[in-house]
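Each remark here refers to the structure printed beneath this line.
The values are calculated or read from the model by the stated rules, or taken from the named source; none is laboratory data. Just so you know, these numbers come straight off a predicted model, no measurement behind them. Cβ coordinates were reconstructed from backbone atoms using ideal geometry, including for glycine residues, and neighbour counts include every protein chain displayed. Heads up: the accessible areas ignore ligands, DNA and RNA and are worked out on the full protein's heavy atoms, side chains in. Shrake-Rupley method; radii C 1.70, N 1.55, O 1.52, S 1.80 Å.
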Amino acid sequence: GASDVSADGFLSIRARLLSNSALTVLSVANNNLNDQDVTLLGQALSQNRRVPLESPLLSFNEISCKGVENLMNAIWGSQTMRELKLDNNRIQDRGAQLCAVVLTSVPLQTLDLGFNKITTTGVKALMKNVSENTSLTSLGLSGIHIDQNASKALSYALAFNASLRSLYLDDCSTGY
């Protein structure tokens, strides 16, 4: 589309990130970004720990678990990250598990994984860490099929989590 960031354009963004110390929001939603692009983003964030990035908005791209793994490694331990939007990508259970692990080291307030290919396995891993999390206020799981086992894990997490204020479960087929 008209808003696509070309491969060269993304390399340019990466180059800017390497020297930036002010950027807080990076919105590159709906740009056909793939795992390689997200790996470049992760490398830039790893190499420049001064960038105070709070919100990488990566919705509606082509990111899979490999890209998520590289991004999670890059943001591990970040104390500035507040919002991570990865909805409408190609993320499966492994990606959800990696996001769950990052919740233990990053004070995220918003995590959106809606409309990805996550199953009960990914939901259960996520809920285990959501139950112990104290920073998350908004969680997006729309479009992810919530079966009886996922529903139980979700109920458990909600019983123990005291920080969550918004939970998005649109189109989840939750009949339990």
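Remarks
- Structural descriptor for region 34-100: relative contact order 42 percent, calculated from alpha carbon pairs under 8 angstrom and at least 6 residues apart.
- When the convex hull of its Cα atoms is projected in every direction, mean area for the chain (nm²): 9.2
- Charge tally in the Cβ shell below 12 Å around Leu139, where Lys, Arg are +1 and Asp, Glu are -1, Leu139 excluded: -1
- Solvent-accessible area per residue, Å², over the chain with all protein chains present [probe radius 1.4 Å]: 47
- log₁₀ of I(q)/I(0) at q = 0.23, 0.26 Å⁻¹ - region 9-82, Debye sum with one point per alpha carbon: -1.08, -1.40
- Rounded to the nearest 20 debye, the dipole size of region 44-150 about its Cα centre is 220 debye, using +1 on the Cβ of Lys and Arg and -1 on the Cβ of Asp and Glu.
- Taking amide H as placed 1.01 Å from N in the peptide plane, Leu84 has its amide H under 5 Å from the amide H of Thr110, Leu111, Asp112, each at least 5 places away in sequence or on another chain.
- Carbon and sulfur %, accessible surface of region 46-176 computed with the full protein complex present, 1.4 Å: 47
- The Kirkwood hydrodynamic radius of region 73-176, based on inverse pair distances between different Cα atoms, is 13.3 Å.
- For the chain, the longest principal axis of the Cα atoms and the long axis of helix 7-19 meet at an angle of about 90 degrees.
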